[in-house]
Structures are given as C-alpha cells and as structure tokens.
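Written below as structure tokens is the structure these notes are about.
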Amino acid sequence: MIRAATPTDAAQIAAIWNDAIRETTVTFNPVEKSDAEVAELTRKDCLVWDEDGKILGFARYFPFRSGEGYRFTVEHTIMLHGCGHGKGVGRQLMLALCRDAKAAGMHSMFAGCSAENTGAVAFHAKLGFDKVATLPQVGFKFGRWIDLVLMQKTL
C-alpha cells in the first residue's frame, strides 16, 4: 500500500493538498498547488498510500533550511484524504518516511503544526516527536494570525 510517489499521482495528491489549502489551517499557504507543481515534488522523497489506484494520503520530506550546516535535518508534510483517517494510514506513512529519511543519512525531522490543529500535535507526539517551540502568530490565514508548533524527532 505504501510506495514511492510518481508524477502520475500528482492529480490525486493535488486534490488532497488543495482541499486542505481551501478548507483548513493545516497549512498556512492560501495558494492551491497545480498538478504540474505537485508532479515535480513527487520526484524525490515522497510516499503515497495507494489502495487499488486511489491515493489515501501522501508524505514527503525536504530540507529544513538552506545551508550546508542543515544538510542532515529535514521537515515534512503529511496529508490524508478524508477517507484515509482512522485507518493507520498516517502512522504507517510517517514511519516509512522516517525510515527512508534515516536511510538517506538524515539525523532529525521537523514537523511544523498549526497550533489550531491539535490532532496533528498529538499525532506527532505519539510518533516520538517532541515539541521544541511555539512560534506565536507566524501564520496568517482566513483573516487571523495562527501560532506554529515546531516538533522534532531524532531519527
């Protein structure tokens, strides 16, 4: 069920991502992703949960910050289709993503969670991520300021 994403998954991944962009504060980004943009992001370090051709979720990691000194630290994005919740999809995707990042030589992974998304904070805590900071009012969406909770896991 978990496999590396390919550009052919872009439309389904974009649909999941764009729903979160339009409807939630899971991401502070107000600009929807194009299929072409997502196709490019699937070329490296991106996993999907595929059930008979239907993508129920995706997870990807990417550099935490630019600069050689940060080369062993990554950040990630994980999002699920509504029907992927409560089935262990997110947990299994994250475990696989952490394994892949560690195998690639990464040392730590960050999660940036909207403080309004208490489910994401609890989810990451259950997976061994520690809350390391709350950045007050750094996100702005739907006409309001939102705090960002940074969580970190040593791989």
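The values are calculated or read from the model by the stated rules, or taken from the named source; none is laboratory data. No experiment lies behind these values; they were computed from the predicted model shown. Cβ coordinates were reconstructed from backbone atoms using ideal geometry, including for glycine residues, and neighbour counts include every protein chain displayed. Ligands, DNA and RNA are excluded from the accessible area calculation, which covers all protein heavy atoms including side chains. Shrake-Rupley method; radii C 1.70, N 1.55, O 1.52, S 1.80 Å.
Each residue of region 50-59 in turn: what ³J(HN,Hα) in whole Hz from Karplus with 6.51, -1.76, 1.60 and θ = phi - 60°, glycine and Pro shown as x?
For region 50-59, the Karplus curve yields 10, 10, 6, x, 9, 7, 9, x, 9, 8 Hz.
List, in the order given, every pair from Lys33/Lys141; Lys54/Lys102; Lys54/Lys141; Lys44/Lys102; Lys33/Lys131 whose Cα-Cα distance in the structure shown is over 19 Å.
Beyond 19 Å between Cα atoms: Lys54/Lys102; Lys54/Lys141; Lys33/Lys131.
Would you kindly derive the ³J(HN,Hα) couplings of region 121-137 from the backbone phi angles with the Karplus curve 6.51 cos²θ - 1.76 cosθ + 1.60 (θ = phi - 60°), listing them in order in whole Hz, with x for Gly and Pro?
Result, rounded to whole Hz: 4, 5, 4, 5, 4, 5, 8, x, 7, 9, 6, 10, 6, 10, 9, x, 6.
Per 0.36 nm of contour for each residue apart, how much would the distance between Leu150 and Ala103 grow if the chain were fully extended, relative to their Cα-Cα spacing?
Taking Leu150 through Ala103 to full extension adds about 14.6 nm, to one decimal.
Using only the Cα atoms of the chain, what semi-axes does the equivalent ellipsoid have when each is the square root of 5 times a gyration tensor eigenvalue? Give whole Å, largest first.
Output for the chain: semi-axes of 22, 20, 16 Å.
Just to verify a number: FRET efficiency for Asp130 and Asp35, C-beta to C-beta distance, R0 = 30 Å, to 0.05?
Efficiency at R0 = 30 Å is approximately 0.25.
At 7 Å along Cα-to-Cβ for each site, give me the label-to-label distance between Asp19 and Leu95 in nm.
2.4 nm
Measuring with a 1.4 Å probe in the full set of protein chains, what accessible area per residue, in whole Å², belongs to the chain?
In whole numbers, the chain has 53 Å² accessible per residue.
By how many nm would the segment from Ala122 to Ala4 lengthen if fully extended, with 0.36 nm per residue of separation less the alpha-carbon distance?
My answer for the length gained is 39.9 nm.
If I compute solvent accessible area with a 1.4 Å probe over the protein chains, what percent of it on region 3-112 is carbon and sulfur?
The nonpolar share, carbon plus sulfur, comes to 52 percent.
Please list, or write none, the aspartates and glutamates whose alpha carbon is within less than 17 Å of the alpha carbon of Lys87, excluding same-chain residues fewer than 8 places away.
Asp50, Glu51, Asp52
In whole angstrom, how far apart do the alpha carbon centroids of region 106-135 and region 1-65 sit?
19 Å
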